Amino acid sequence: QVRLVESGGGLAQSGGSLTISCAASGFISGYNTMGWYRQPPGKERELVAAITSLGVTNYADSVKGRFTISRDNAKNTVDLQMSSLKPEDTAVYYCNFRNVRGSTYWGEGTRVTVSS
């Protein structure tokens, strides 16, 4: 079992920056992928960015060049640095963990609101 706790959401101005963090605890060992998904109001949940335990990253086209995902394997944390924020980035952001067996875990989400 893996527990994920997000922090750092809140309100930001359009063009501003915000960093959200996720701390994982539990059975973390082995190859895995941690990532961030988001669910805008009235829309489906979508991948924002992901990073493997080997450091390979993947970004949604809509955030490339604006968001940076990073992780600290020693602390089992993953951060999402968001810059040049747009109102359309407004969403609940969910931390995700997936192990090599395909088991997937979710955090409870942190809300990010970008005002125009």
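The values are calculated or read from the model by the stated rules, or taken from the named source; none is laboratory data. Owing to the predicted nature of the structure, the values given are computational and were not obtained by experimental measurement. All Cβ positions, glycine included, derive from the backbone under ideal geometry; neighbour counts span all protein chains shown. SASA here: full protein model, heavy atoms, side chains in, ligands and nucleic acids out. Shrake-Rupley method; radii C 1.70, N 1.55, O 1.52, S 1.80 Å.
The order of the peptides 105-112, 22-29 by mean Cβ neighbours within 10 Å, most packed first, is 105-112, 22-29.
Computed with a 1.4 Å probe over protein heavy atoms only, the accessible area of residue 31 comes to about 110 Å².
With kT/(6 pi eta Rh) evaluated at 10 °C and eta = 1.306 mPa s, and Rh the Kirkwood radius from Cα pairs, region 47-116 diffuses with a coefficient of 120 µm²/s according to Stokes-Einstein.
Around residue 109, which amide H atoms from residues at least 5 apart in sequence, or from another chain, sit under 5 Å from its own amide H, with H modelled in the peptide plane? Amide H neighbours of residue 109: 6, 95.
Over the chain, what relative contact order in percent results from Cα pairs under 8 Å that are six or more residues apart?
On the way: 288 pairs, mean separation 42.2, N = 116.
Over the chain, the number comes to 36 percent.
Surface composition of region 26-70: carbon and sulfur make up 53 percent of the accessible area, probe 1.4 Å. Its Kirkwood hydrodynamic radius, worked out from the mean inverse distance over all distinct Cα pairs, puts region 1-103 at 13.9 Å.
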